[in-house]
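See below for the structure under consideration.
The values are calculated or read from the model by the stated rules, or taken from the named source; none is laboratory data. Note that the structure is predicted; figures quoted are calculated from it, not measured. Cβ atoms come from the backbone with ideal geometry, glycine included; neighbour counts cover every protein chain shown. Quick note on the areas: whole protein, heavy atoms, side chains included, nothing else; ligands and nucleic acids left out. Shrake-Rupley method; radii C 1.70, N 1.55, O 1.52, S 1.80 Å.
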Amino acid sequence: MSESGMRGKVIDVLRPLDAISVENRYVGPGTPDVNYIEGWIELKWLRAWPKRPETPVKLDHDLEPQQRAWLKRRRRRGGAAWVMLQCGREWLLWHGEVAAEIIGTATREELIARCHRYWPNGLNGDELIGVLRG
């Protein structure tokens, strides 16, 4: 699956939450990729984990400074803001402010340990909806 495939899958799974894809160039800087009734999700995709366990995970398209600031601000003000990463069959979901602090510097093990939800064998759409609805 690719980044665009990931976006389509998330939008499809979140259809009950009226999810839409957001083109960032038309909205403010740092705005996440997906909006749904209760909040926002920034999507990240990784082709493969680093070969060595101690190597920090680097994304081709890391969280930009504007995205990190947006995620932190939205959560501080009580809004729902998440970051979701797909690597192969694995899917990880973090609260936005956690992701803003660790993405780009953490190892695979640290990313999994700090995520809010981890799906090692494919995204569970019903569970994702349950998490997002709180």
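Tabulated values for the structure
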quantity: Any hit, the stretch 46-66, residues being under 23 Å from D126 (Cβ atoms) and touching a strand residue (DSSP E or B) at 6+ places or on another chain (Cβ under 7 Å); calculated: no
quantity: Positions within the stretch 36-64 being outside any strand (DSSP E or B), at pLDDT 95 or above and closer than 17 Å to V131 by Cβ, in sequence order; calculated: I37
quantity: Residue match in the stretch 65-79 (condition: closer than 17 Å to G5 by Cα and in a loop (DSSP other than H, G, I, E, B)); calculated: no
quantity: Selected residue (criterion: nearest to R76 (Cα to Cα)) from residues of the stretch 31-52 that are surrounded by fewer than 16 Cβ atoms within 10 Å (Cβ to Cβ) and aliphatic (A, V, I, L, M); calculated: I37
quantity: Output for the stretch 82-115, where each listed residue is more than 16 Å from M6 (Cβ to Cβ), in contact (Cβ under 8 Å) with a residue 24 or more places away in the chain and exposed (fewer than 14 other Cβ atoms within 10 Å of the Cβ); calculated: T105, E109
quantity: Answer residue from the stretch 1-27, given it is touching a residue at least 40 places away in the same chain (Cβ under 8 Å) and more than 17 Å from G125 (Cα to Cα) and is most open to solvent (accessible area, probe 1.4 Å) among those; calculated: E3
quantity: Residue in the stretch 94-106 that is among the hydrophobic types (A, V, I, L, M, F, W, C), under 12 Å from the mean Cα position of the chain (by Cα) and not in a helix (DSSP H, G or I) present; calculated: yes
quantity: Tabulated pairs, the stretch 46-75, first over 17 Å from N35 (Cα atoms), second polar (S, T, N, Q) and open to solvent by 40 Å² or more (accessible area, probe 1.4 Å), C-beta under 6 angstrom, 6+ apart or interchain; calculated: P56/T105
